[in-house]
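Below is one structure, written out as structure tokens, with a few remarks after it.
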Amino acid sequence: MREPISRDARLALDLALTIRHDGNGGVTDDLTDPAGLTEWVRAHAELLPGTATERADDHCEGSATGTAPQSAEGAGGGSTADAAQLASVRELRDVVRALFARAVRPGDPSPADAARLMPPEEAVRHLNEAAARTPTVPVLDWPEDATPLVHHTPVRTTGDLTAALAHAVIAFLAGPDRDRLRACHAPRCVRYFLKEHPRQEWCKPSCGNRARVARHHQRHKATV
């Protein structure tokens with residue numbers, strides 16, 4: 001049975017997966033320029049309501065759900081990401097990948113950046129600082145004949161893409177989906193993934209096939 005993936009988990013995972021295998025034995029980066037970030041945000045419009053760059057023929061307003069703020073500074077209203085946003089999101093991605101490496105312990109991290117990971121303590125500090133760029137306020141909810149509850153709601157100011165992503169990352173790392181996080185160690189793969197069933201070892205079937213072929217070749221060489 002396939003386990004569902006929460007919105008926060010999907011955002012955190014997809015940000016990490018902008019570092020990926022290039023299909024030719026190397027690693028590629030989807031966020032090398034502002035255009036790449038703009039495209040990534042647009043592709044995640046349903047996960048980041050109000051943060052995506054609007055398409056010319058799309059002027060529908062979305063309502064935020066989950067933990068992310070409703071808008072992203074400079075990434076909405078038909079504008080494109082700029083160099084400052086790109087640098088901020090790329091730094092957050094470094095944070096995410098460092099904390100993903102910590103989350104999969106004692107397993108090995110993704111080989112894409114295993115030798116240059118940010119120290120976990122520094123990564124946690126950066127993540128909290130990024131999340132704090134969008135402050136929250138307590139809001140009282142007290143229905144008739146019910147216990148009063150307090151919800152923390154983002155302050156209604158211009159949002160921030162990095163903060164929105166940081167909120168999602170924190171929700172993911174503090175939630176139950178974190179225990180399903182794994183690094184795929186199939187040949188040439190550098191992805192992180194969430195296990196969908198107990199026996200899953202690889203991020204996708206093609207990686208499992210490559211791993212089995214590699215093991216077969218290794219056994220054959222050992223017997224020659």
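What FRET efficiency comes out for VAL104 versus ASP33 if R0 is 30 angstrom and r is the Cβ-Cβ distance? Round to the nearest 0.05.
Calculated value: 0.50.
Assuming R0 = 35 Å, what is the FRET efficiency of ARG180 and GLU144, from their Cβ-Cβ distance, to the nearest 0.05?
Values: r = 40 Å, r/R0 = 1.14.
Step by step, r from the Cβ atoms, then E = 0.30.
Using per-residue counts of other Cβ atoms within 10 Å, averaged over each peptide, order 195-206, 164-175, 137-148 from highest down.
164-175, 195-206, 137-148
Which far-off residues, 5 or more places away or on another chain, put their amide H under 5 Å from the one on VAL27, with H placed in the peptide plane?
Correct list: ASP22.
Quick note: the coordinates plus some simple rules give every number you see, no bench work behind them. As the structure is a computational prediction, the values presented were derived from the model and not from experiment. Note that each Cβ is placed from the backbone with ideal geometry, even for glycine, and that neighbours are counted across all protein chains shown.
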